[in-house]
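K.L.:
Handing you a structure now.
The values are calculated or read from the model by the stated rules, or taken from the named source; none is laboratory data. Predicted, not measured: the structure shown is a model, and the values here were computed from it. Counting neighbours? That spans all protein chains shown, and the Cβs are built from the backbone with ideal geometry, glycine included. The area values use the complete protein model at the heavy-atom level, side chains included, leaving out ligands, DNA and RNA. Shrake-Rupley method; radii C 1.70, N 1.55, O 1.52, S 1.80 Å.
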Amino acid sequence: AVIDGACLGGGLEFALACTHRVASDNPKTQLGLPEVSLGIIPGFGGTQRLPKLIGLQNALPIILTGKPVNGKKALKISLIDGLISHAFSDQDSLKFVHSLLKTPSKCLKPQKKSVGQFFKEDTFLGRSLVFAAAKNMILSKTKGHFPAPLEALKVVKRTYTKPLEKGLKIEARYFGKRVPTSLSKNLIGLFYIQESLKKYTGVSKDISPKTITNAGVVGAGFMGGGIAWLFANAHIPTRLKDINWEALSHGLETIHSYLKKDLKRKKIMPYELKNKLSSVSTTVDYTGFQHTDIVVEAIVENMDLKKSVFKELESHVSKDTVLASNTSSLSITEMASGLTHPERFIGMHFFSPVNRMPLVEVIPGKKTNEETIASTVAWAKSLKKTPIVVQNCPGFLVNRILNPYINEAVLLVQEGVSMVKIDSIAVQFGMPLGPLTLADEVGLDIGFEVAKILESAYGERMKTAAIFENITEIVNCLGKKTKKGFYIHTTKDPSPNPEILQLAASKIGSQGKQKPAPSEDFILDRLILTLLNEASRCLEEHVVESPAYLDMAMIMGTGFPVFRGGICRYADDRGITNIVDKLNEMTQLYGKRFTPSQKLASMKTDHSKFY
């Protein structure tokens, strides 16, 4: 088998059935078995041939995580027998064949095992230790929500010492059990959504996006530094501006810290770190901005300040430069109102931290033209992000949906429910962080600003919890960045902030008779259904194109559990009737913020689904 490019899943299993494999040094060459990421296991011999070829310790990470290896790593672990040149793959592969025909003894055999490898792979006790360690690794990463890696491990464990023919039959039985599960269908559904987003342009017409050769970033704070890193990481010369050199030094520190992480993970070489860092230049004025193709603003969330910055910026860039704001909730249309050319203005909302969060919300204003939209979507993809176009409304998509969820958690604290319990219930559901921990990560000052903007826009249903108003009065209570928020973050295991517990106790006392503590299921419904209800309103108002794109935005922007397929898929699986009935019940208990959206009410009547 000659491998040049992606060789994944069935492709690799086919190659494993060949007598020899060679791969090219093409940067796109990848060999792997990603089936577990789709809720299934390798079903065409992958769990059988791979461990026997390269040994348990090399094979298990590939099978159980779904992560591929490049050609260089494949050669190192004897997955391939030779690494050939991409430019001369035809000639080099023929040379390899002729050398085998001429000298059959040149057939490469698995590497000689050390004493430690022999013990771990060829003795019962050693294999038991390897399998136990692999199981612990799976459970620590998946928290039991993803059964496919455990099933794949079982297959390898049962078949490693068996003949190939028997092993293949066992693999086939386990594969057949995984395919029809709802989890597998959810993950495969998300895979197809991701594939469709690769072709996504954000516009209805066939428009060629502009090329990007130079970029500018205004604001060198944590977000601005992260956005500048993104451009530099894509080898795009970037001009970073702030009002003083001290602020710019902090921005450069952010960029350097992200590059050091990539170096530590061996994603880049030391010379690449220097090259990428040197592609960022700094300034306290707008010199150099006349050469930029796009400028992204990342200053504080203040409408008047942003408008004044863009009005000044517009006179320092070319007529073709796209101007973008990294705002998380402010109106793009209003921000563009003072510009001479509002057609080239757009929202480009990155999520924090920029180096880890894959989503970018692209928000056109009322006068933004389609070329600007298409170019922004294309540029976000070139930065290895997933862009989704959403309509201009307060909070846009993700923050608008997420705000009621976090606010409901604060209301539960206000009612005397344990912070740890609230967060634990959300994590057990599959969220990466509990809502209160998430609020601390984002920053309570930022969260409060967004909450007040949304309360002003949407009224009673997004009324900010009273306790949240008082938190802002506690000294240095801004979340993780000041080591004090809902939790005290001075140790490895954060503990609830006693000042907030005291504040919550005073609210309980002022409310008179305390209500009975809600059950865990009821707490979960208060959190998740308020989130789902707002998501359905966004679809009702056409804030986003489809339930599929909404689901992907929530997964990429908030970490909504992928095994549930997204919030809309979760609603379909649970049943719309059940959801509407539960919302009506909570409306009677807690008020109008739980009133089912018109869309959900209609779906119950029509017996329809999101998908």
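K.L.:
Confirm whether L83 is open to solvent by 40 Å² or more (accessible area, probe 1.4 Å) and assigned to a helix (DSSP H, G or I).
P.N.:
no
K.L.:
So which residues in segment 243-278 are in contact with a strand residue (DSSP E or B) (Cβ under 8 Å, 6 or more places away or on another chain) and open to solvent by less than 30 Å² (accessible area, probe 1.4 Å), if there are any at all?
P.N.:
Those that are in contact with a strand residue (DSSP E or B) (Cβ under 8 Å, 6 or more places away or on another chain) and open to solvent by less than 30 Å² (accessible area, probe 1.4 Å): L248, G251, I255.
K.L.:
Give segment 470-485 a look and list any residue that's open to solvent by 50 Å² or more (accessible area, probe 1.4 Å), part of a loop (DSSP other than H, G, I, E, B), under 13 Å from A439 (Cβ atoms) and of a type outside the set (A, V, I, L, M), or say none. Can you show your working first?
P.N.:
Start the filter on segment 470-485 by keeping residues that are open to solvent by 50 Å² or more (accessible area, probe 1.4 Å), which leaves 472-473, 475-476, 478, 480-481, 483.
Now drop any that are not part of a loop (DSSP other than H, G, I, E, B), which leaves 472-473, 475-476, 478, 483.
Subset that is under 13 Å from A439 (Cβ atoms): 472, 478.
Of everything in segment 470-485, just one residue is open to solvent by 50 Å² or more (accessible area, probe 1.4 Å), part of a loop (DSSP other than H, G, I, E, B), under 13 Å from A439 (Cβ atoms) and of a type outside the set (A, V, I, L, M), namely T472.
K.L.:
Pairs please, first residue from segment 5-24 and free of Cβ contacts under 8 Å to residues at least 12 places away in the same chain, second anywhere and of a type in the set (A, V, I, L, M, F, W, C) and part of a loop (DSSP other than H, G, I, E, B), Cβ atoms under 7 Å, 6+ apart in sequence or on different chains.
P.N.:
none
K.L.:
Follow-up question, since we're still on this one. Looking at (1) surrounded by fewer than 19 Cβ atoms within 10 Å (Cβ to Cβ); (2) hydrophobic (A, V, I, L, M, F, W, C); (3) in contact with a strand residue (DSSP E or B) (Cβ under 6 Å, 6 or more places away or on another chain), which one does A380 not meet, given that it meets all the others?
P.N.:
With (1) surrounded by fewer than 19 Cβ atoms within 10 Å (Cβ to Cβ); (2) hydrophobic (A, V, I, L, M, F, W, C); (3) in contact with a strand residue (DSSP E or B) (Cβ under 6 Å, 6 or more places away or on another chain) applied to A380, the lone miss is (1).
K.L.:
Something else about it: Out of the residues in segment 387-398 that are touching a Leu at 6+ places or on another chain (Cβ under 9 Å) and open to solvent by less than 30 Å² (accessible area, probe 1.4 Å), which is nearest to D493 (Cα to Cα)?
P.N.:
Looking only at segment 387-398, we keep the residues that are touching a Leu at 6+ places or on another chain (Cβ under 9 Å), and these are 387-388, 390-391, 394-395, 397-398.
Still in the running and open to solvent by less than 30 Å² (accessible area, probe 1.4 Å): 387-388, 390, 395, 397-398.
Values: P387: 35, I388: 36, V390: 37, G395: 32, L397: 32, V398: 28 Å.
Among those residues, the one meeting the criterion is V398.
K.L.:
Could you tell me which residue of segment 313-329 is most open to solvent (accessible area, probe 1.4 Å), considering only residues that are hydroxyl-bearing (S, T, Y) and over 30 Å from F448 (Cβ atoms)?
P.N.:
Only one residue tops the list, namely S315.
K.L.:
I'd like the full set of residues that are touching a Lys or Arg at 6+ places or on another chain (Cβ under 8 Å) and among the aromatic types (F, W, Y), limited to segment 1-39.
P.N.:
Selection gives nothing.
K.L.:
Would a scan of segment 173-182 turn up a residue that is of a type in the set (V, I, T), assigned to a helix (DSSP H, G or I) and more than 21 Å from the chain's Cα centre (by Cα)? Write out each step before concluding.
P.N.:
Taking segment 173-182 first, the residues of a type in the set (V, I, T) are 179, 181.
Now restrict to residues that are assigned to a helix (DSSP H, G or I): none.
Scanning segment 173-182, I find no residue that is of a type in the set (V, I, T), assigned to a helix (DSSP H, G or I) and more than 21 Å from the chain's Cα centre (by Cα), so the answer is no.
K.L.:
Which of the residues that make up segment 425-464 are open to solvent by 70 Å² or more (accessible area, probe 1.4 Å), over 16 Å from S329 (Cα atoms) and not in a loop (DSSP other than H, G, I, E, B)?
P.N.:
Q428, E441, E460
K.L.:
Here is a follow-up. Is segment 21-31 home to any residue that is touching a Leu at 6+ places or on another chain (Cβ under 7 Å), open to solvent by 10 Å² or more (accessible area, probe 1.4 Å) and acidic (D, E)?
P.N.:
yes
K.L.:
Further question: Can you name the residue in segment 344-374 that is surrounded by fewer than 17 Cβ atoms within 10 Å (Cβ to Cβ) and more than 27 Å from the chain's Cα centre (by Cα) and is also farthest from A215 (Cα to Cα) among such residues?
P.N.:
Restricting to residues being surrounded by fewer than 17 Cβ atoms within 10 Å (Cβ to Cβ) and more than 27 Å from the chain's Cα centre (by Cα), the top hit is K366.
K.L.:
Among the candidates L230, L190, single out the residue that is touching a helix residue (DSSP H, G or I) at 6+ places or on another chain (Cβ under 8 Å) and of a type outside the set (G, A, S).
P.N.:
Working: L230 fails: touching a helix residue (DSSP H, G or I) at 6+ places or on another chain (Cβ under 8 Å).
Exactly one of L230, L190 is touching a helix residue (DSSP H, G or I) at 6+ places or on another chain (Cβ under 8 Å) and of a type outside the set (G, A, S), namely L190.
K.L.:
Check F310, F289 and return the single one that is closer than 15 Å to S331 by Cα, touching a Gly at 6+ places or on another chain (Cβ under 9 Å) and open to solvent by less than 40 Å² (accessible area, probe 1.4 Å).
P.N.:
F310
Results for (1) closer than 30 Å to A457 by Cα; (2) small (G, A, S); (3) in contact with a helix residue (DSSP H, G or I) (Cβ under 9 Å, 6 or more places away or on another chain), shown as yes or no for each residue.
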site: D285; (1), (2), (3): no, no, no
site: T292; (1), (2), (3): no, no, no
site: L305; (1), (2), (3): yes, no, no
site: S308; (1), (2), (3): yes, yes, no
site: H316; (1), (2), (3): no, no, yes
site: L323; (1), (2), (3): yes, no, yes
site: T327; (1), (2), (3): yes, no, yes
site: T340; (1), (2), (3): yes, no, yes
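K.L.:
Suppose we filter E343, E361 for residues that are touching a His at 6+ places or on another chain (Cβ under 8 Å) and of a type in the set (D, E, K, R); which single one remains?
P.N.:
The match here is E361.
K.L.:
Does I467 satisfy the criteria of being part of a helix (DSSP H, G or I) and open to solvent by 40 Å² or more (accessible area, probe 1.4 Å)?
P.N.:
Against the criterion (part of a helix (DSSP H, G or I) and open to solvent by 40 Å² or more (accessible area, probe 1.4 Å)), I467 does not qualify.
K.L.:
Which one of these is open to solvent by less than 20 Å² (accessible area, probe 1.4 Å) and on the phi > 0 side of the Ramachandran plot: G219, G144, G202, G225? Even if it seems obvious, please write down each step before you answer.
P.N.:
Values: G144 fails: open to solvent by less than 20 Å² (accessible area, probe 1.4 Å); G202 fails: open to solvent by less than 20 Å² (accessible area, probe 1.4 Å); G225 fails: on the phi > 0 side of the Ramachandran plot.
Result: G219 is the single residue among G219, G144, G202, G225 that is open to solvent by less than 20 Å² (accessible area, probe 1.4 Å) and on the phi > 0 side of the Ramachandran plot.
K.L.:
Mind listing just one residue for me: the one in segment 569-591 that is without any contact (Cβ under 8 Å) to a residue 24 or more places away in the chain, in a helix (DSSP H, G or I) and not basic (K, R) and, of those, most open to solvent (accessible area, probe 1.4 Å)?
P.N.:
In this case the residue turns out to be Q588.
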